[in-house]
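Remarks on the structure that follows.
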Amino acid sequence: MSHADRIFLETTRRLAPRRLAQDDVHAALQLAQVEPGKPVADLGCGYGRHLRELVQYGHRATGVDRSGLLLAEARAEAPGAALVRADLRALPLHQGSLAAAFCFYSSMFLGSEEDAALALVEAARVLRPGGALVLTSDNPLRLAASPHVKIEHEVPGLGRVVEEGRFDGAVDHVRKTVRLESGEILEAKFHIRYYRPGALAALAYVAGLRFARLHEPLTETTPQLIALLEK
Ligand SMILES: C[S@@+](CC[C@H](N)C(=O)[O-])C[C@H]1O[C@@H](n2cnc3c(N)ncnc32)[C@H](O)[C@@H]1O
């Protein structure tokens with residue numbers, strides 16, 4: 001059985017400080033230039049760490065995710081947000097209903113190439129003309145420079161976490177194992193698809209979106225790729 005949702009929740013909650021989600025949302029809003037009060041969505045919102053910040057900025061935010069476990073946590077994390085359990089490839093949102101959409105940390109890109117294309121088409125459909133889609137991911141240039149990673153650490157209050165990754169140039173194949181303090185072992189594999197700016201622009205174009213710009217130029221040391229696509 002895959003423990004992907006539980007591992008994501010337990011490790012990210014403990015290892016990612018609130019400041020990181022605040023910075024992610026700040027950068028995304030700088031790119032999207034959306035006025036407070038307008039309808040926005042976090043596509044693949046997880047347990048709601050970015051939704052919480054979007055609500056703080058005064059946005060009318062909806063979180064979409066397929067995980068019941070993570071959405072239940074999001075209810076407590078971001079009480080001011082609307083939550084929808086759905087697949088990003090078939091959004092239960094009206095055409096042209098959003099001023100902006102955000103997809104933090106590759107949530108659209110955890111499946112096949114076709115899944116990624118379908119999710120982008122759906123995002124394009126639900127955006128208003130002129131609406132912004134901000135996508136963030138880890139930096140594919142940095143991954144390509146160090147394609148093999150093995151990290152082991154003790155996480156206080158959780159247990160021993162082992163993360164092994166192999167980036168094949170397009171997909172990062174990650175295996176995470178957590179040995180909980182109770183002795184229980186959680187294990188999951190993640191296959192995260194990465195797009196360099198040129199490839200992202202091509203994918204966006206097919207979905208009816210225009211690659212507008214990056215938050216900052218991408219080098220091997222840039223922490224994240226943060227891209228603005230426009231309808
Ligand atoms: C890496 S986590 C990131 C979550 C959140 N964006 C964050 O940064 O905290 C990916 C999230 O995307 C969701 N997800 C992945 N593929 C999805 C799909 N096809 N439909 C709906 N949710 C999806 C997962 O359930 C998970 O919550």
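Total residues in the range 1-24 satisfying the condition of being of a type in the set (Val, Ile, Thr) and either touching a residue at least 40 places away in the same chain (Cβ under 8 Å) or away from the ligand (no atom under 12 Å from the Cβ) (or both): the figure is 2. Gly131 falls short on exactly one of the conditions (1) closer than 24 Å to Leu225 by Cα; (2) within 16 Å of the chain's Cα centre (by Cα), and that condition is (2). Does Ala99 satisfy the condition of being surrounded by fewer than 22 Cβ atoms within 10 Å (Cβ to Cβ), more than 10 Å from the ligand (Cβ to nearest atom) and part of a strand (DSSP E or B)? It is true that Ala99 is surrounded by fewer than 22 Cβ atoms within 10 Å (Cβ to Cβ), more than 10 Å from the ligand (Cβ to nearest atom) and part of a strand (DSSP E or B). If the condition is being within 12 Å of the ligand (Cβ to nearest atom) and not hydroxyl-bearing (Ser, Thr, Tyr), then the range 102-116 contributes Phe102, Cys103, Phe104, Met108, Phe109, Leu110, Gly111, Glu114, Asp115, Ala116. The residues of the range 75-89 that are small (Gly, Ala, Ser) and more than 9 Å from the ligand (Cβ to nearest atom), listed by number, are Ala76, Ala78, Gly80, Ala81, Ala82.
Within the range 1-57, the residues that satisfy the criterion of being closer than 23 Å to Asp115 by Cβ and outside any helix (DSSP H, G or I) are Met1, Ser2, His3, Val40, Ala41, Asp42, Leu43, Gly44, Cys45, Gly46, Tyr47, Gly48. For the range 47-67, the set of residues classified as touching a Gly at 6+ places or on another chain (Cβ under 6 Å), within 13 Å of the ligand (Cβ to nearest atom) and more than 19 Å from Leu135 (Cβ to Cβ) is empty. Look at the range 149-163: where a residue is in the same structural domain as Leu9 (by TED's automatic domain parsing), no partner that is modelled with pLDDT under 95 and surrounded by 10 or more Cβ atoms within 10 Å (Cβ to Cβ) sits 6+ places away or on another chain with Cβ atoms under 6 Å. The residues in the range 181-215 that are without any contact (Cβ under 8 Å) to a residue 60 or more places away in the chain and of a type in the set (D, E, K, R) can be counted, and the count is 4.
Could you please find all residues in the range 30-44 being without any contact (Cβ under 8 Å) to a residue 40 or more places away in the chain and out of contact with any Lys or Arg (no Cβ under 8 Å at 6 or more places or on another chain)?
Pro36, the sole residue that qualifies.
Mind telling me which of the residues Val40, Val64, Val34 ends up being β-branched (Val, Ile, Thr), at pLDDT 95 or above, touching a Phe, Trp or Tyr at 6+ places or on another chain (Cβ under 8 Å) and in the same structural domain as Pro129 (by TED's automatic domain parsing)?
The match here is Val40.
The condition (being more than 16 Å from the chain's Cα centre (by Cα) and within 12 Å of the ligand (Cβ to nearest atom)) is satisfied by just one residue among Pro36, Pro92: Pro92.
Which residue, of Val40, Val34, is crowded, with 23+ Cβ neighbours inside 10 Å and either more than 29 Å from Arg210 (Cα to Cα) or β-branched (Val, Ile, Thr) (or both)?
From the options Val40, Val34, the qualifying one is Val40.
Somewhere in the range 111-124, is a residue of a type outside the set (Gly, Ala, Ser) and in a strand (DSSP E or B)? Looking for residues that are of a type outside the set (Gly, Ala, Ser) and in a strand (DSSP E or B), one finds none in the range 111-124, hence no.
The values are calculated or read from the model by the stated rules, or taken from the named source; none is laboratory data. These figures come from a predicted structure and were not determined experimentally. When we count neighbours, we look across all protein chains shown, and the Cβ atoms used for this are built from the backbone with ideal geometry, even at glycine.
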